[in-house]
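Since the structure comes first, as structure tokens, the remarks are kept for the end.
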Amino acid sequence: MFGTQFPANFNPSRTSPVRSVLAPVSVNATANTAMPQKTVDINMSTDQVKDFIRKMSFGNYTEQYAEALASLGVEGDDLPYIDEAMLEEAGIAAKIHRMKLIRNIHELIHS
């Protein structure tokens, strides 16, 4: 069983049912590490980022979120690179709040 020898003309991409199902999928090794292209320079201090967050309505969480990003030193130039995982790591637990922040950041960048 172990050490099975395959014929010299064996091609797993042509004979393996698993490979044939997966063959059309293309993997980009840098897909998860690529940084988005900045379209605008956002010159905002950490205090201005806090004010930007305060203008959004997160109920009782608004000040907590503003302080969380400020304590991490997030400035305007950092905003285009923030993703959902980073916001969750920063303490923004509610997915709807993370999506709202990302949407507002996107609108700020592309306005």
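Of note:
- Contact map, region 43-67: residues that are in contact (Cβ under 8 Å) with a residue 40 or more places away in the chain paired with residues that are among the β-branched types (Val, Ile, Thr), Cβ distance under 8 Å, separation 6+ or inter-chain. Pairs shown: Ile53/Thr62; Met56/Thr62.
- Taking the criterion of being β-branched (Val, Ile, Thr) and in a helix (DSSP H, G or I), the only residue of region 63-97 that qualifies is Ile96.
- Check on Ala66, among the hydrophobic types (A, V, I, L, M, F, W, C) and modelled with pLDDT under 95: no
The values are calculated or read from the model by the stated rules, or taken from the named source; none is laboratory data. Everything quoted here is computed from the prediction, not taken from an experiment. Quick reminder, even Gly has a Cβ in these numbers, built from the backbone with ideal geometry, and neighbours come from all protein chains shown.
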